[in-house]
Each structure stands twice: as C-alpha cells, then as structure tokens.
1. Residue by residue through the stretch 50-91, note down the ones that are within 13 Å of the chain's Cα centre (by Cα) and outside any helix (DSSP H, G or I).
2. Out of 54, 58, 73, I need the residue that is surrounded by 15 or more Cβ atoms within 10 Å (Cβ to Cβ), in contact with a helix residue (DSSP H, G or I) (Cβ under 7 Å, 6 or more places away or on another chain), within 28 Å of residue 115 (Cα to Cα) and at pLDDT 90 or above. Which one?
3. Against the condition closer than 23 Å to residue 111 by Cβ, without any contact (Cβ under 8 Å) to a residue 60 or more places away in the chain and touching a helix residue (DSSP H, G or I) at 6+ places or on another chain (Cβ under 7 Å), how does residue 38 come out, does it pass?
4. Considering only the stretch 41-51, state which residues are surrounded by fewer than 18 Cβ atoms within 10 Å (Cβ to Cβ), over 15 Å from residue 121 (Cβ atoms) and either without any contact (Cβ under 8 Å) to a residue 12 or more places away in the chain or in contact with a strand residue (DSSP E or B) (Cβ under 7 Å, 6 or more places away or on another chain) (or both).
5. Can you tell me which of 17, 94 is in contact with a strand residue (DSSP E or B) (Cβ under 6 Å, 6 or more places away or on another chain), in a loop (DSSP other than H, G, I, E, B) and in contact (Cβ under 8 Å) with a residue 40 or more places away in the chain?
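The values are calculated or read from the model by the stated rules, or taken from the named source; none is laboratory data. Bear in mind the structure is a predicted one, so any value in this text is a computation, not a measurement. Every residue, glycine as well, gets a Cβ built from its backbone with ideal geometry; the counts of neighbours run over all protein chains shown.
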C-alpha cells in the first residue's frame, strides 16, 4: 500500500492548451507562441489580433473539487504572467496593447471531452505597470482598456 500518490504527468494540460489554441483561432486570433518561459515564469499562449497582444493562461481540470479551473489563477500567477509579458513586450518591441486572458477548461475525467469551456477576456489587470511603447513617458503606463 503506497503512502504517497506521486503526481504522474498526463496529457490533460497539453490537451487543454490545444483546446484553447483552437478556440482562440476560431475567434480570429493569430497564435504567436506557446509555453514561453522567462526566468521560470511561463505564459501558456501568446495570441494577437489587430488591436491586442493577448497573454493567455490556460487552466484545465477534470473536477471542480478544488473550484473551477479559472479560479486557480491566483495573485502570484498573475504577477508571474505580468513579469513575463513585460519582458516579452520589451524584447519584441510590441506595439499592440497588452491584454491578459484566462481560459478555464473542465474535461470529463474518463473521456477527456470538454464539459465546460470559459474564455475570460481581460481576466485581470496587472497591479504592476506593464511596458507599452505608446505610453506618454516612453517608458511605462498603467495599461487599462476596459470597455
């Protein structure tokens, strides 16, 4: 009898990211990159349309025992995504406005079919400044683009 259950990697996360990529493409976004790592901080999907560069966090679960998938994006995760996004924007001289989305995916644990798919645009606004080349100072601005 095992005392510990070691987490064995499975394809749930990868499947979720592929579902999210398909969803974004269906909505007209261009996928720029996936699984971008900056100093051990990761952005799951970077997508874009004419107006926004979208940094997307994907959370996939097979149960709501610990809450819905999108609820797993906590303050630390938001800080990490914002940090990585700032570096990406600066290094790639990105002109579009940044936006932070979350896609929550709930899968059937046996069949892996999608039970629920939730794309939250503008899921959070960073508490720290985001780099944007069109800021008045030329350095930073608080990025807010609420509708």
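1. 53, 54, 55, 56, 57, 58, 59, 60, 73, 74
2. On the way: 54 fails: in contact with a helix residue (DSSP H, G or I) (Cβ under 7 Å, 6 or more places away or on another chain); 73 fails: in contact with a helix residue (DSSP H, G or I) (Cβ under 7 Å, 6 or more places away or on another chain).
When all the criteria are applied, what remains is 58.
3. On the way: closer than 23 Å to residue 111 by Cβ: no; without any contact (Cβ under 8 Å) to a residue 60 or more places away in the chain: yes; touching a helix residue (DSSP H, G or I) at 6+ places or on another chain (Cβ under 7 Å): yes.
When the stated conditions are applied, residue 38 does not pass them.
4. Result: 42, single match.
5. On the way: 17 fails: in a loop (DSSP other than H, G, I, E, B).
That would be 94, the only listed residue that is in contact with a strand residue (DSSP E or B) (Cβ under 6 Å, 6 or more places away or on another chain), in a loop (DSSP other than H, G, I, E, B) and in contact (Cβ under 8 Å) with a residue 40 or more places away in the chain.
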